[in-house]
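Where a number appears in this text, it was derived from the coordinates with a stated rule and is not lab data. Bear in mind the structure is a predicted one, so any value in this text is a computation, not a measurement. With ideal geometry, Cβ positions are generated from the backbone for all residues, glycine too; neighbour counts draw on all protein chains shown.
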Amino acid sequence: MIKSAARRFILAREGILFLALLLMVIAFSLTVDGFLDAASILRRSRYWVATGMVAAPMTFIIATAGIDLSVGSIVALAGMSLGLLYGDAGWPIAAAAAAAIGVGTLAGAFNGGVSSYLRVPPLVVTLATMALFRGIAMGLSQARSIGGFPDGFRYLDRGNALDLFGAGQYFELPVSLVAMLFVFVFGALLLRRTWIGRFSQCLGENETAASFAAIDVRKMKWALYTAMGTVCGVAALFHTALYGTAKADTAAGMELEAIACVVVGGTRISGGHASVLGTLLGLLIIGMLRYGLEMAGVRSQNVIIFVGVLLIATAVFNEAMAARTGGSK
């Protein structure tokens, strides 16, 4: 039974992605000095956390054949709300953090409401709100950054999860990385074990058929975009703690990075099949690719070219696989 389960995993997309990640790590380890340093990789992983958190709910949205281009702007708006409420208004950091998450939730609910109930394509809605939310953040900040957050808040980035077990002196496991993994585990359970995941993929396969199957399509989409906004609010806390300042121009391009993780992870951009585990592997593949190339001395502007080629190749592969299997995989 164990051999059969292992064989199914290897033949699945997630298994192929895992093998690709493993081969890439081996290749960089043999060609780049100092690449295989666990402590260095874990420190670098802190920069993947906010994108990873956003990519998890993005998987559900793309599964419905939707898109959300405003997530980076929501993260910036929520982060700036945190800074203004704590730094200018004098709110306690916990209350300011809760309000920041609330701002993200409201922004996501606005996207979902306009897209679902006013029947405006999500590409158009989120393209508009990408500029709208960023503009609001810019106006509120008046082109300044806000810092001076307390040590308790900075623990979201600087904290070592192993300190809770008395093993922090031996190894560093960032609290932020553990939080991101929790988001992925929760998302994977929702996708594979609940009606939320099944309905999301049904919407992507055939929205009309989903309506005839008594699925409230509009409410489902609104809920998914609202959840996306909530996760963006949470991601904003970790993103702000990472850099120590709240800035209106932060998280630019995060939406494209999150979408890249989802597509590389095997979720079809045209909707239908989705995999949260695949999205996590996509995040690790892109993150390790960037890390390895930069360790090898490749300029950052050239690293983007490699990521773009990977994304195009993966999208073509996903659609080809879907065509061969009748769109069911």
*asked:* Distances longer than 35 Å among the Cα atoms of segment 10-324: what percent of all pairs is that?
replied: 20 percent
*Would you order Y86, Y243, Y225 from fewest to most other beta-carbon atoms within 10 Å of each residue's own beta-carbon?*
Y243, Y86, Y225
*Which order, highest average first, do 73-84, 266-277 follow once you tally other Cβ atoms within 10 Å for each residue and take the mean per peptide?*
73-84, 266-277
*Counting other C-beta atoms within 10 Å, which of L280, L189, L256, L177 has the fewest, and how do the rest follow?*
L189, L256, L177, L280
*Show the residues, 5+ positions off or on another chain, whose built amide H is closer than 5 Å to the amide H of N160.*
V175
*Quickly work out the S270-to-L36 label distance, labels modelled 7 Å from Cα along the C-beta direction, and quote it in nm with one decimal.*
4.1 nm
*Please work out the C-alpha center-to-center distance from segment 214-230 to segment 128-167 and express it in whole Å.*
27 Å
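For the chain, what is the mean residue ellipticity at 222 nm derived from helices alone (per DSSP H run of n ≥ 4: -39500 (n - 2.57); sum divided by total residues; nearest 500 deg cm²/dmol)? Please list the in-between numbers first.
On the way: 15 runs with 237 residues, N = 329.
Result for the chain: -24000 deg cm²/dmol, rounded to the nearest 500.
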*Express in nm, to one decimal, how much length is gained between L256 and L19 on full extension, taking 0.36 nm for each residue of separation and deducting their alpha carbon distance.*
82.9 nm
*Once you list every other residue whose beta carbon is under 14 Å from the beta carbon of L69, what net charge do they have if Lys and Arg are +1 and Asp and Glu are -1?*
-2
